[in-house]
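The values are calculated or read from the model by the stated rules, or taken from the named source; none is laboratory data. Worth saying up front: this structure is predicted, and the values here are computed from it rather than measured. Here Cβ is always computed from backbone atoms with ideal geometry, including for glycine, and neighbour counts include all displayed protein chains. SASA here: full protein model, heavy atoms, side chains in, ligands and nucleic acids out. Shrake-Rupley method; radii C 1.70, N 1.55, O 1.52, S 1.80 Å.
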Amino acid sequence: EALKILSAIRQPIVVVAIVGLYCTGKSYLMNKLARKKKGFSLGSTLQSRTKGIWMWCVPHPEKPDRTLVLLDTEGLGDVEKGDNQNDSWIFALAILLSSTFVYNSMGTINQQAMDQLHYVTELTDRIRARSSPDVDEVEDSADFVSFFPDFIWTLRDFSLNLEADGQSITADEYPENSLKLRKGKGDLELFFPKKKCFIFDWPTDRKKLGQLEELCDDELDSEFVQQAAVFCSYIFSNSKTKTLRRHQGLETLVQTYVNAINSGDLPCMENAVLALDEIENSAAVQKAIAHYDQQMSQKLQLPSETLQELLDLHRASEKEATEAQLGKKQDDFCNQNLKASEDHCSALLKDIFSPLEEDVKQGIYLKPGGYRLLMEKRQELKKKYFQEPRKGIQAEEILQEYLKSRESVTDVILQTDQTLSEKEKLIEVEHVKAESAQAAATMLEEMQIRNQQMMEEKEKSHQEHVKQLTEKMERERAQLLEEQERTLALKLQEQSRLLQEGCPEESRRLHSEIQNLQKEMNEPKKGCVLG
């Protein structure tokens, strides 16, 4: 049933999976992501309510061109199951299928929580990146990074202050500090270089926890409601489309991985890519054939007056079918180029601006004159950013997105700067708005230029394709002529032999064939032969 639903989805898919120990309330978070009061079963007893992996497909709340697929997994560590083999496979399968992986646990990150991460250390026993892995297991595991989803740790019913060594820390820093004390930290780092953490207070009184489905937000702890809203907003905004080395196709991934598990093999990501390759190539061929059939059916009147008429129409229809596939490949490379620029610029900004971010976090600019110092430092770093080569076509857009994400912090520093008058602050706010508007106009102009370039390039590609087809037709005509000349030479030899042997009847028949062949060779060709 799930495969039927997935096969019917035509949009790119964002897949969010939540995994955690049983009785940790993960299904509540899934219902919030689905924006439903009910859907995924909430457990109010010590028995796990979710069995296997439950799937829910909903329209993406913020991206109309995407479908959000939510995967709610069976609670891990249920003592009623006897062993953890099933848990390990569910954990691995959730990793393989998701683009965002949420690990849900209760309370603080203590030794027990660390021990429960053994599912991560077992991944190399459950999954293969390549069909023929290297002898070095660690080196093989590093290949997983490009396939694996983003990792989010949610801590439910958290009751401690976020502090380390007497200093306040962020939710994201909390697991990092905890992992520093753990001998196996590298396991999590190896598989999930990008991590985030969300902390949730108790949602309500213990006695009401079993009634979460019926409770309205105003009946829950306000801090918890706000934390859940921030969590959902982050998921909606930051979860990526599920891809596997440019491919999309969750239905195929499910079938490939589950079949491997059921057959006793390890799910292999390289094999999944090959399966997607085969399906995509087959789909491309089928699309071209369908287009060819449509054109021939619409334009060909049977019977045709001559064979050449059919061949001419065949060539025209074949050209259109081939062109459609070339255009798709060009778009694929353009999208890859766009993504590469976005990733490189994001990493570059993080590298260049991280010292400034740290200074802001330490409150260095929260002092008289701090705003001016911040602006001077930012201009200096922007200049450094623009001096870096090969940022790609998304350089300005990614920079503006970064600056926009820091507007609230910048505004706080501006408003607390006592050296500036209210009028100066208003002027500065308008100045920032003007700069932002100018940047937006510049980006729009650049986008229009790129679109024009794309149109021109597509026209060039079309002309080049026509040129290649013309050259191919000429080669085919030359080949045909060569074959006809060879055939003519053989017939002339045969005619000479027949005349020498005194076979006039056969010689006359052959002479007629030779004349027809010579006439055909001298006529201008309107088409080409099938290759």
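Brief remarks on what is shown
- Residue satisfying all of: in segment 343-402; of a type in the set (Asp, Glu) and within 30 Å of GLN448 (Cβ to Cβ); farthest from the chain's Cα centre (by Cα) among these: GLU388
Rundown of residues vs (1) part of a helix (DSSP H, G or I); (2) crowded, with 17+ Cβ neighbours inside 10 Å, yes/no style:
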position	(1), (2)
PRO203	no, yes
LYS208	yes, no
GLU214	no, no
ASP218	yes, no
PHE224	yes, yes
GLN227	yes, yes
SER233	yes, no
SER237	yes, no
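- When segment 271-288 is filtered for residues that are modelled with pLDDT under 70 and open to solvent by 40 Å² or more (accessible area, probe 1.4 Å), the ones remaining, listed by number, are GLU278, ILE279, GLU280, ASN281, SER282, ALA283, VAL285.
- Among the residues listed as LYS526, LYS519, LYS467, the single one being open to solvent by 70 Å² or more (accessible area, probe 1.4 Å) and modelled with pLDDT of 80 or more: LYS519
- Filtered residue count, segment 377-432, keeping only those that are open to solvent by 60 Å² or more (accessible area, probe 1.4 Å), in a loop (DSSP other than H, G, I, E, B) and not hydrophobic (A, V, I, L, M, F, W, C): 6
- Yes/no for LEU373 being at negative phi, open to solvent by less than 40 Å² (accessible area, probe 1.4 Å) and in a helix (DSSP H, G or I): no
- Taking the listed residues LEU46, LEU21, the one that is surrounded by 18 or more Cβ atoms within 10 Å (Cβ to Cβ), under 18 Å from ASN104 (Cβ atoms) and at pLDDT below 80 is LEU21, with no other qualifying.
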